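Nothing in this text is a laboratory measurement; each read-out follows from the coordinates by a stated rule. The shown structure was predicted, so the numbers you read here are calculated from the model rather than taken from an experiment. All Cβ positions, glycine included, derive from the backbone under ideal geometry; neighbour counts span all protein chains shown.
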Amino acid sequence: MQRKIPAHGDSRSAVTAAVKFTGRDVQPDATCPPFMKMHPSFPVLATPRLRLRQIRSSDAEALFAIHSDAEWMKWYGVDPVTELRQADQLAELFASWFPAGTGYRWGLERLADRRLIGTCGLFRWNKSWHNCVIGYEVARDCQGQGYMREALTAVLDYGFDVMHLHRIQAETHPDNIASIGLATRLGFRFEGVHREQAFWAGRYHDLNCYSLLAREWHQSAA
Ligand SMILES: CC(C)(COP(=O)(O)OP(=O)(O)OC[C@H]1O[C@@H](n2cnc3c(N)ncnc32)[C@H](O)[C@@H]1OP(=O)(O)O)[C@@H](O)C(=O)NCCC(=O)NCCS
């Protein structure tokens, strides 16, 4: 499966990202269509500069560096971590989605130096309604280099083509300009405001709701 990923900052040029799935499809049975099943092994995705892989406990320090940056993560939706132990728990939580069958969280490993520069994922997988929520964060010193758009292009391909999702939702704080810019750049459409939907930093926050449908994603690739 291949999709053209526009090079960062140049929407006219394109590079080809090979999306590789290392897992094999599980055998279909009578009770559940095959696309609703998780792969038996975690799906590793390849993009030109990144390897998207399962998160492991050894990622805790890299996660701590990102998630303890309170100013950078102020609109992320969760209080920043203050101890390495919390980053351990975060790695465990992200890794648990796959075996639980509720979604995937990929670690973004940069090919050039094998550093874990961020994560992204599809979660709250509603298998009856064929939808998921998308989430993402990259290290502050890696921002604005097109990494997350590159990663999410592969993740959206995976969500729509392999998980057979119909709709992917993004929820972001109205002041999170970078996240709104990213979602919009990928074709997500604004739907409205979820009033006081989230709670962090000691108070409730409104969240903007965006969505992308499978047909819109496929049309944008055409
Ligand atoms: C949101 C976030 C993941 C973007 O990651 P990134 O790797 O810097 O984004 P990219 O470089 O791939 O940018 C892709 C597009 O997003 C938009 N964008 C990125 N940063 C932006 C900014 N500061 N202002 C406006 N638009 C921005 C642009 O449209 C950009 O398109 P371009 O490539 O044509 O310039 C990053 O800012 C982040 O991790 N923030 C902290 C965590 C967070 O808030 N996560 C989201 C929770 S909802």
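Descriptive notes on the structure:
- THR184, THR47, THR102 arranged by Cβ crowding within 10 Å, fewest neighbours leading: THR184, THR102, THR47
- In sequence order, calculated HN-Hα J values of the range 83-97 (Karplus, 6.51, -1.76, 1.60; Hz; x Gly/Pro): 9, 4, 4, 5, 5, 4, 5, 5, 4, 5, 5, 4, 5, 6, 4
- The range 117-222: equivalent-ellipsoid semi-axes (sqrt of 5 x gyration tensor eigenvalues, Cα, Å): 22, 18, 13
- Residues in the range 51-70 reached by a label modelled at ASP141 [backbone nitrogen below 12 Å; 7 Å Cα→Cβ]: 65-66
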